[in-house]
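The values are calculated or read from the model by the stated rules, or taken from the named source; none is laboratory data. Every value quoted in this text rests on a predicted model; they were computed, and no experiment measured them. We place every Cβ from the backbone using ideal geometry, glycine too, and count neighbours over all the protein chains shown.
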Amino acid sequence: MESKQYVVDDFSVRESWRIFRIISEFVDGFETMSEIYPAVTVFGSAKITENDPEYQLGRNVGRLLAENGFTVITGGGPGAMEAANRGAMEAGGKSVGLCIQLPCEQASNPYTNVRLNFRYFFVRKVMFVKYAMAYVILPGGFGTMDELFEALTLIQTNRIKPFPVIMLGKDYWKDLVAWIRKTMLGKNRMICPDDLDLFQLTDDPGAAVAAIKRIVII
């Protein structure tokens, strides 16, 4: 009995200290991110290389956002994140990397002039949403899909104010969008027709930035 009580008490202590770590991440994030307005968050795969066309797409959109007065926020890693940060920095803009600690360590990219490190995904995700005026979604995997659909869900349920969600790269996204139209909406009525207006699809970084500027007033 004494041994069991010790284990329970030890677990309780560890959980209490975890709360303080979580709070400290929120405090650091709020203090730093409050100075980066106005900002656009750019998501995309860490697996994209500099030789891929998606890399140049991200670099171009990062540059255009910076040239139009927006801070660029990414997850701070390689691939599409690096591309967007690089474009922003090359244009002389503010480039933010919200890095995450992972078991398979993901190296931070060198193109950020503001950097925060997070242990907890959910704290980091709050920073992505809270301080962004828009989302630009480059081709990516599960993490990118997670961020895309979380943003759409928060807008759909009125948990956040509507903002532009722009999927960049028509060829990559077209099958997903077709499935949303045909299966989620048409066949099963899991969403409303108006929900299709929550996102936009384009191949043109310039059109993406123009769409943001039409809605976001700096």
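Some notes on this structure:
- Taking the criterion of being out of contact with any helix residue (DSSP H, G or I) (no Cβ under 8 Å at 6 or more places or on another chain) and either surrounded by 24 or more Cβ atoms within 10 Å (Cβ to Cβ) or among the acidic types (Asp, Glu) (or both), the only residue of region 57-80 that qualifies is 67.
- Within the set 124, 115, the sole residue that is in a strand (DSSP E or B) and among the basic types (Lys, Arg) turns out to be 115.
- Failed criterion for residue 83 (all others in (1) assigned to a loop (DSSP other than H, G, I, E, B); (2) at pLDDT 95 or above hold): (1)
- For region 166-218, taking the residues that are among the hydroxyl-bearing types (Ser, Thr, Tyr) and out of contact with any Leu (no Cβ under 8 Å at 6 or more places or on another chain), the one that is surrounded by the most Cβ atoms within 10 Å (Cβ to Cβ) is identified as 172.
- Matching entry among 130, 161 (being more than 12 Å from the chain's Cα centre (by Cα) and exposed (fewer than 15 other Cβ atoms within 10 Å of the Cβ)): 161
- Any hit, region 14-29, residues being under 16 Å from the mean Cα position of the chain (by Cα) and surrounded by fewer than 22 Cβ atoms within 10 Å (Cβ to Cβ): yes
- Within region 86-105, the presence of at least one residue that is among the acidic types (Asp, Glu), in contact (Cβ under 8 Å) with a residue 12 or more places away in the chain and either out of contact with any Leu (no Cβ under 9 Å at 6 or more places or on another chain) or within 26 Å of residue 21 (Cβ to Cβ) (or both) is confirmed.
- Among the conditions (1) assigned to a strand (DSSP E or B); (2) modelled with pLDDT under 95; (3) under 23 Å from residue 155 (Cα atoms), residue 129 misses just one, which is (1).
Residue-by-condition table, conditions (1) β-branched (Val, Ile, Thr); (2) within 24 Å of residue 58 (Cβ to Cβ); (3) free of Cβ contacts under 8 Å to residues at least 60 places away in the same chain:
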site	(1), (2), (3)
141	no, yes, no
175	no, yes, yes
188	no, no, yes
195	no, no, yes
215	yes, yes, no
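- For region 138-149, the condition of being out of contact with any Gly (no Cβ under 7 Å at 6 or more places or on another chain), modelled with pLDDT of 95 or more, assigned to a helix (DSSP H, G or I) and hydroxyl-bearing (Ser, Thr, Tyr) holds for none of the residues.
- Residue 212 at negative phi and in contact with a Pro (Cβ under 7 Å, 6 or more places away or on another chain): yes
- Residue match in region 39-51 (condition: β-branched (Val, Ile, Thr), in a loop (DSSP other than H, G, I, E, B) and surrounded by fewer than 17 Cβ atoms within 10 Å (Cβ to Cβ)): yes
- Evaluation of residue 155 against the conditions (1) touching a strand residue (DSSP E or B) at 6+ places or on another chain (Cβ under 9 Å); (2) among the aliphatic types (A, V, I, L, M); (3) free of Cβ contacts under 8 Å to residues at least 24 places away in the same chain; (4) surrounded by 14 or more Cβ atoms within 10 Å (Cβ to Cβ) shows that the sole unmet condition is (3).
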